[in-house]
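Below: the structure, in structure tokens.
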Amino acid sequence: MPGRSRGDFRRWRAGRPFWGGLLLALGGVEILLTLKASLDVILHVGMQGLAGYLLPAVMLLCGLLILFNPAQRLFYSVIGVLVSLSSWLTSNLGGFFVGLLLGVAGSCLTFGWLPDQEPRVSRRQRRKEARSAKATSPAPQA
């Protein structure tokens with residue numbers, strides 16, 4: 001049943017900082033892919049040794065750990081933002097700034113995620129509820 005698996009995925013996604021972990025992991029993947037670019041494309045070689053590959057791999061690992069172990073999200077997001085910012089020096093300007101920005105944005109989204117927060121109610125829904133409450137309440141007598 002495709003509808004059931006979609007609902008299961010939505011429930012799984014709602015219980016964790018999904019978008020933050022995904023953006024952090026995508027930032028790591030993007031930086032790893034730009035390390036494989038030709039020398040004509042590479043702007044900043046940096047310390048192309050171990051650190052050039054280690055930092056984006058740590059970003060990818062932190063993103064996956066955020067998705068699959070959300071209890072430790074604060075630690076992973078702090079490590080993720082520090083590694084993302086340091087990738088600017090070691091990994092081709094942080095993957096031409098795209099991987100760096102994805103990593104920082106994902107880490108910030110993860111850090112700000114609250115697990116037991118009530119879902120936001122749209123302004124339209126609040127207005128509709130206020131109108132229905134006003135219509136059902138008795139008129140005040142003078």
Net length gained if the chain between ARG131 and LEU101 were fully extended (0.36 nm per residue, minus Cα distance):
6.5 nm
Give me the Debye-computed log₁₀ of I(q)/I(0) at q = 0.26, 0.29 Å⁻¹ for region 81-142, equal point scatterers on Cα only, no solvent, two decimals.
-0.99, -1.08
Leaving out ligands, DNA and RNA, and with a 1.4 Å probe, what % of the accessible surface on region 11-115 is carbon or sulfur?
78 percent
What Kirkwood hydrodynamic radius do you get for region 11-115 when you take the inverse of the mean 1/r over all pairs of distinct Cα atoms, in Å?
13.1 Å
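The values are calculated or read from the model by the stated rules, or taken from the named source; none is laboratory data. Everything quoted here is computed from the prediction, not taken from an experiment. Side chains are part of the model used for accessible areas, which takes the heavy atoms of the whole protein and leaves out ligands, DNA and RNA. Shrake-Rupley method; radii C 1.70, N 1.55, O 1.52, S 1.80 Å.
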